[in-house]
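Encoded as C-alpha cells, here's the structure I'll be asking about.
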Amino acid sequence: SDVGAVCLKGTTLEPRLGNKLHRIAETPNGMLNAIGLQNPGTNSVINDIMPGLNKKETKFIINISGSTVEEYGEIAKHFDDSDIDAIEINISCPNVKEGGVAFGNDPEMSFRVVEICRKNTTKPIITKLSPNQTDIAANALRCIEAGSDGLAVINTVMGMAIDIEKKKPVIGNNQGGLSGPAIKPIALLKVHQVYQVSKRHNVPIIGQGGIVSANDAIEFIIAGADTIGIGTALFYDPLVCQEINAGISKYLIDHNLQEVKSLVGSLSLN
C-alpha cells in the first residue's frame, strides 16, 4: 500500500525461456540485465499468477511484449478480459517482421503497436519509451496520437561489460539494458523532453531511471513526471518507496505546497 501500483514482469503471448547466462551484471552505479523476457506466457499469467495477487493492497500493471504488431494486439485483448488495472506496452523489443528493428526506435512503428493495442482494450495504456532513439519527443507524440493514456520514461540504456581475463562479454547476450543511478541524468533529460509534448495533451508521465532517494524523485517531478517508478533500487533496499514517500511529503511541507501536482513540470530554464 506504500506504492500506487506494481508493474509485473514482461509478458509475451507464448512462454519464453529467456537468454543464456549471465543475465545480470553489476556495474559502477548501475546494473546490466538481459533476461530475455523469460515468462510463462499470457494464459499462465492470467490463470495462475494474477489470482494470487492481493488487489486490496494496490493496483497492478501488466507489461506486454510482442515480436509483431499483431501479437501485441492479441496479448492486449487477452488482458482486456482480465482484472488487471492497466497495460504497459514495452515497445523496446525486436520486430521480427521488420528485420529486427526495435519498435521503440521508430515513431511510426510505435504508433502501430499502440494503435492496435488501443483497438483491443479499454484498459488504460502506458507506453514505455526507449531512450535509444533519435527523438524521444517525436515518438511520444505518435504514441499519444495512437491512444496511449500515459508514458513511462525511460526504459534501460543499452550497455556492455567485459571480462578482461576471458576477453568476452560478461552478459550472455553480449549486451544488456543499463539501469540504476548511472542513467539518471539521461532519464531526467528524456522526461523533460517528453513533457514538452505530453503537457499539451494532458498525458501523464511515469518518470524512471536511477531513482534511489526522495531528492531523485523530486528532480523527476520538477522535470515533468506526474509520478515515479522504482526498479533497480529495490534490489538493495526493498523499503526505499517508504523513504521516498516520506521525503516527498517533507519537501512539500517545507515549500508550502499542497500537492505533488503543483510541482510537476516546474523546472525554470535559463
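The values are calculated or read from the model by the stated rules, or taken from the named source; none is laboratory data. Since the structure is predicted, the reported quantities are computational estimates derived from the model, not experimental observations. Glycine also receives a Cβ, built like all others from the backbone with ideal geometry; neighbour counts cover every protein chain displayed. What goes into the accessible areas is simple: the full protein's heavy atoms, side chains included, and nothing from ligands, DNA or RNA. Shrake-Rupley method; radii C 1.70, N 1.55, O 1.52, S 1.80 Å.
Could you please let me know if ILE35 is closer than 18 Å to GLY231 by Cβ and modelled with pLDDT under 95? Before the answer, list the steps.
Values: closer than 18 Å to GLY231 by Cβ: yes; modelled with pLDDT under 95: yes.
In short, yes.
Further question: Name the residues in the stretch 20-34 that are in a loop (DSSP other than H, G, I, E, B), closer than 23 Å to ALA182 by Cβ and of a type outside the set (A, V, I, L, M, F, W, C), would you? Break it down stepwise before answering.
Just the residues of the stretch 20-34 that are in a loop (DSSP other than H, G, I, E, B), to begin with: 20-23, 28-29, 34.
Still in the running and closer than 23 Å to ALA182 by Cβ: 21-23, 28-29, 34.
Hits for the stretch 20-34 are HIS22, ARG23, PRO28, ASN29.
Does ALA223 satisfy the condition of being within 26 Å of ILE24 (Cβ to Cβ), of a type outside the set (Phe, Trp, Tyr) and surrounded by 11 or more Cβ atoms within 10 Å (Cβ to Cβ)? Spell out the reasoning first.
On the way: within 26 Å of ILE24 (Cβ to Cβ): no; of a type outside the set (Phe, Trp, Tyr): yes; surrounded by 11 or more Cβ atoms within 10 Å (Cβ to Cβ): yes.
Here the answer is no, as ALA223 does not meet what is asked.
In addition: Out of all the residues in the stretch 196-205, is one or more among the charged types (D, E, K, R) and either surrounded by fewer than 22 Cβ atoms within 10 Å (Cβ to Cβ) or part of a loop (DSSP other than H, G, I, E, B) (or both)? Give the derivation first.
Taking the stretch 196-205 and keeping what is among the charged types (D, E, K, R), we get 199-200.
Those left that are additionally either surrounded by fewer than 22 Cβ atoms within 10 Å (Cβ to Cβ) or part of a loop (DSSP other than H, G, I, E, B) (or both): 199-200.
Within the stretch 196-205, one or more residues are among the charged types (D, E, K, R) and either surrounded by fewer than 22 Cβ atoms within 10 Å (Cβ to Cβ) or part of a loop (DSSP other than H, G, I, E, B) (or both).
Considering each of THR134, THR122 in turn, give the residue that is assigned to a loop (DSSP other than H, G, I, E, B), open to solvent by 60 Å² or more (accessible area, probe 1.4 Å) and under 21 Å from GLY209 (Cβ atoms). Walk me through how you get there before you give the answer.
On the way: THR122 fails: under 21 Å from GLY209 (Cβ atoms).
After applying the criteria, what remains is THR134.
Being among the aliphatic types (A, V, I, L, M), in a helix (DSSP H, G or I) and open to solvent by 40 Å² or more (accessible area, probe 1.4 Å) is the requirement here; does ILE144 meet it?
Numbers: among the aliphatic types (A, V, I, L, M): yes; in a helix (DSSP H, G or I): yes; open to solvent by 40 Å² or more (accessible area, probe 1.4 Å): no.
No.
Report, by residue number, each residue of the stretch 227-246 that is in a helix (DSSP H, G or I) and open to solvent by 40 Å² or more (accessible area, probe 1.4 Å). Outline the logic, then answer.
Looking only at the stretch 227-246, we keep the residues that are in a helix (DSSP H, G or I), and these are 233-236, 240-246.
Answer for the stretch 227-246, where residues must be in a helix (DSSP H, G or I) and open to solvent by 40 Å² or more (accessible area, probe 1.4 Å): LEU234, PHE235, TYR236, GLN242, GLU243, ASN245, ALA246.
Among the residues in the stretch 155-164, are any within 18 Å of GLN133 (Cβ to Cβ) and in a loop (DSSP other than H, G, I, E, B)? First the steps, then the outcome.
Start the filter on the stretch 155-164 by keeping residues that are within 18 Å of GLN133 (Cβ to Cβ), which leaves 155-159.
Then keep just the ones that are in a loop (DSSP other than H, G, I, E, B); that gives 155-156.
Within the stretch 155-164, one or more residues are within 18 Å of GLN133 (Cβ to Cβ) and in a loop (DSSP other than H, G, I, E, B).
Here's a follow-up. Quick check on the stretch 77-99. Is at least one of its residues within 22 Å of GLN175 (Cβ to Cβ), assigned to a strand (DSSP E or B), open to solvent by 30 Å² or more (accessible area, probe 1.4 Å) and without any contact (Cβ under 8 Å) to a residue 40 or more places away in the chain? Steps first, answer last, please.
Initially, the stretch 77-99 is screened for residues within 22 Å of GLN175 (Cβ to Cβ), giving 90-96, 98-99.
Remaining after also requiring assigned to a strand (DSSP E or B): 90, 94-95.
If we keep only those that are open to solvent by 30 Å² or more (accessible area, probe 1.4 Å) as well, we get 94.
Still in the running and without any contact (Cβ under 8 Å) to a residue 40 or more places away in the chain: 94.
Within the stretch 77-99 (the criterion being within 22 Å of GLN175 (Cβ to Cβ), assigned to a strand (DSSP E or B), open to solvent by 30 Å² or more (accessible area, probe 1.4 Å) and without any contact (Cβ under 8 Å) to a residue 40 or more places away in the chain), the answer is yes, since at least one residue qualifies.
Which of (1) touching a strand residue (DSSP E or B) at 6+ places or on another chain (Cβ under 9 Å); (2) on the phi < 0 side of the Ramachandran plot is the odd one out, the single condition LYS77 does not satisfy?
(1)
How many residues does the stretch 41-76 contain that are under 18 Å from SER92 (Cβ atoms) and polar (S, T, N, Q)?
4
For residues that are part of a helix (DSSP H, G or I), open to solvent by 80 Å² or more (accessible area, probe 1.4 Å) and within 15 Å of ARG16 (Cβ to Cβ), tally how many sit in the stretch 35-71. If you could, list the steps in order and put the result at the bottom.
Pass one, the stretch 35-71, residues part of a helix (DSSP H, G or I): 42-52, 69-71.
Now drop any that are not open to solvent by 80 Å² or more (accessible area, probe 1.4 Å), which leaves 43, 47-48, 51, 70.
After this cut, where a residue has to be within 15 Å of ARG16 (Cβ to Cβ) as well, the list is 43.
Here the count works out to 1.
Looking only at residues that are modelled with pLDDT of 95 or more and polar (S, T, N, Q) in the stretch 175-195, which one is least open to solvent (accessible area, probe 1.4 Å)? Spell out the reasoning first.
Looking only at the stretch 175-195, we keep the residues that are modelled with pLDDT of 95 or more, and these are 178-195.
Restricting the remaining residues to those that are polar (S, T, N, Q) gives 179, 193.
Values: SER179: 15, GLN193: 63 Å².
My answer is SER179.
Separate question: Among (1) in a loop (DSSP other than H, G, I, E, B); (2) on the phi < 0 side of the Ramachandran plot; (3) buried (at least 18 other Cβ atoms within 10 Å of the Cβ), there is one condition GLY210 misses while meeting the rest; what is its number?
GLY210 satisfies all of (1) in a loop (DSSP other than H, G, I, E, B); (2) on the phi < 0 side of the Ramachandran plot; (3) buried (at least 18 other Cβ atoms within 10 Å of the Cβ) except (2).
Across the stretch 247-270, what is the number of residues that are hydrophobic (A, V, I, L, M, F, W, C), free of Cβ contacts under 8 Å to residues at least 40 places away in the same chain and open to solvent by less than 60 Å² (accessible area, probe 1.4 Å)? Outline the logic, then answer.
Our first condition is that a residue be hydrophobic (A, V, I, L, M, F, W, C); within the stretch 247-270, this holds for 248, 252-253, 257, 260, 263-264, 267, 269.
Among the residues that remain, those that are also free of Cβ contacts under 8 Å to residues at least 40 places away in the same chain are: 248, 252-253, 257, 260, 269.
Remaining after also requiring open to solvent by less than 60 Å² (accessible area, probe 1.4 Å): 248, 252, 257, 260.
Number satisfying all stated conditions: 4.
Moving to a separate point now. Do we find that ALA152 is among the hydrophobic types (A, V, I, L, M, F, W, C), open to solvent by 10 Å² or more (accessible area, probe 1.4 Å) and either within 30 Å of THR27 (Cβ to Cβ) or outside any helix (DSSP H, G or I) (or both) in this structure? Before you say what the answer is, go through the steps one by one.
On the way: among the hydrophobic types (A, V, I, L, M, F, W, C): yes; open to solvent by 10 Å² or more (accessible area, probe 1.4 Å): no; either within 30 Å of THR27 (Cβ to Cβ) or outside any helix (DSSP H, G or I) (or both): yes.
No, not satisfied.
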